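J.: The structure follows.
The values are calculated or read from the model by the stated rules, or taken from the named source; none is laboratory data. All values reported here derive from a predicted model rather than from experimental measurement. FYI the Cβ positions are ideal-geometry reconstructions off the backbone, even for glycines, and counts take in every protein chain you see.
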Amino acid sequence: MILLVIHTAITWALVGLIWTVQGALYPLFQNVGDREFVAYHGRHMAMITWVVGPLMLLEAGSAGLLFYFGERSLIFGVSVGALGLVWASTALSQIPLHQKLTHGYHRATIDRLIRTNWWRTLAWTVRGLCLVALLIQKFC
């Protein structure tokens, strides 16, 4: 049970982080001037990676441990499916778009980054809600 609580806490840390990224950090990319953008974006990537990277690895690892220890509920399965969507979106959309932005400000790429990041935002939110429902189910 404690592993489920830890897993849920990690997920909710990422839910808060992704809503901050979606609602504030990515939209601010549109306000950085051409000359400052490469440095700003590079600094953003260096700093955010140290926050999101370990949390994502802990989230995936703790999900794997929960599965290993026998968690097979449908609601957990839905949350793991959402986790797969998060990782797929990160690998197939967000990382390539960020790589394009390392070369400079490009409004259309920033707009696409914001638009496609909604998939991660919604998937992490669904995960968080599923895990809260699972905790309620286990404790009640």
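J.: List every residue pair whose Cβ atoms lie under 7 Å apart, where the two residues are 6 or more positions apart in sequence or sit on different chains, the first residue falls within region 9-20 and is closer than 22 Å to Thr116 by Cβ and modelled with pLDDT of 95 or more, and the second residue, located anywhere, is assigned to a helix (DSSP H, G or I) and of a type in the set (S, T, N, Q).
T.: That search, which allows pairs on different chains as well, returns Val15/Thr125; Ile18/Thr121; Trp19/Thr121.
J.: In addition: From the residues in region 26-52 that are of a type in the set (Phe, Trp, Tyr) and over 20 Å from Val15 (Cα atoms), which one is surrounded by the fewest Cβ atoms within 10 Å (Cβ to Cβ)?
T.: Tyr40
J.: Filter region 53-78 for residues that are under 12 Å from Leu3 (Cβ atoms), more than 19 Å from the chain's Cα centre (by Cα) and surrounded by 11 or more Cβ atoms within 10 Å (Cβ to Cβ) and give the result.
T.: Once the filter is applied, which keeps residues that are under 12 Å from Leu3 (Cβ atoms), more than 19 Å from the chain's Cα centre (by Cα) and surrounded by 11 or more Cβ atoms within 10 Å (Cβ to Cβ), region 53-78 yields Leu65, Leu66, Phe67, Glu71.
J.: Take the residues in region 79-101 that are under 21 Å from Gly23 (Cα atoms) and β-branched (Val, Ile, Thr), then tell me which one is surrounded by the fewest Cβ atoms within 10 Å (Cβ to Cβ).
T.: Ranking the qualifying residues of region 79-101, first place goes to Ile95.
J.: Among the helices (runs of 4 or more DSSP H) confined wholly to region 43-140, which include 3 or more residues that are in contact with a strand residue (DSSP E or B) (Cβ under 6 Å, 6 or more places away or on another chain) and of a type in the set (Asp, Glu)?
T.: Hits in region 43-140: none.
J.: Answer with yes or no whether Thr11 is touching a helix residue (DSSP H, G or I) at 6+ places or on another chain (Cβ under 7 Å) and closer than 30 Å to Phe76 by Cβ.
T.: For Thr11, the condition - touching a helix residue (DSSP H, G or I) at 6+ places or on another chain (Cβ under 7 Å) and closer than 30 Å to Phe76 by Cβ - is met.
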